[in-house]
């Protein structure tokens, strides 16, 4: 093995690890900050998410107009209609993000909740359709009852559960941010060790 010029190799390795360290550090701080925001401001997180979606929809509308007027769309008429509808929707969502995020959460849970309730009712029916009562059947009907109650609660409190999901995602983001910061410190120590030649 050639060891005549270890210094340039060590310097290159130190720089490479140094670049990775900053990447992990910045990502970790951003994800940690987003997680804290999600945890303590779930309602504002939903509003911000609605506004991000509004911007993306508006950009898609602008691209539809660009395609129509540059001759890249198959039908200029339908591309203009599509672009107009997307821009109108994007503008509405951007101006009314709280209304849209609330309506979206309610819609999702009103679609999901009946299936949850049906699943619980079928589980209860299945538990009582057996000939003999067993501990497994008792567990099954209790599980079905809890599932049914959960479905009813989804209908009664969709905003609460929507914010709860955001908070859970916030906790997950905080944990990911902490792991990334830990990795950043490890890479920083590794960079220093390489630079010192130990």
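Just so it is clear, none of the values below were taken in a lab; they were calculated from the coordinates. As the structure is a computational prediction, the values presented were derived from the model and not from experiment. Note that we place each Cβ from the backbone using ideal geometry, even for glycine, and neighbour counts take in every protein chain shown.
Data table
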read-out	value
Alpha-carbon Debye profile of the range 135-198, log10 I(q)/I(0) at 0.13, 0.23 Å⁻¹	-0.64, -0.92
Cα-based helix-to-principal-axis angle, 97-128 vs the chain, degrees rounded to 10	60 degrees
Rounded to 10°, Cα long-axis angle of helix 76-95 versus longest principal axis of the chain	90 degrees
Hydrodynamic radius of the range 53-108 per Kirkwood, over alpha carbon pairs, in Å	11.7 Å
Cα gyration tensor shape for the range 86-187, rounded if a/c is under 1.5, else prolate or oblate	oblate
Cα Rg over Rh - the chain, Kirkwood	1.22
Label-point gap, in nm, between residue 185 and residue 121 - each point 7 angstrom along Cα→Cβ	5.4 nm
Contact order relative to length of the range 35-109, as percent, for alpha carbon pairs under 8 angstrom and 6 or more apart	38 percent
Ascending count of other beta-carbon atoms within 10 Å, so fewest first, for 141, 21	141, 21
Helix-only mean residue ellipticity at 222 nm for the chain, each DSSP H run of n ≥ 4 adding -39500 (n - 2.57), per residue, nearest 500	-32000 deg cm²/dmol
For the range 70-134 and the range 10-51, distance of Cα centres in Å	30 Å
Cα long-axis angle, helix 135-156 against the chain (0 to 90 degrees, to the nearest 10)	80 degrees
Percentage relative contact order, the chain, counting C-alpha pairs under 8 Å, at least six apart	40 percent
The range 12-80 shape via C-alpha gyration tensor axes, a/c threshold 1.5	oblate
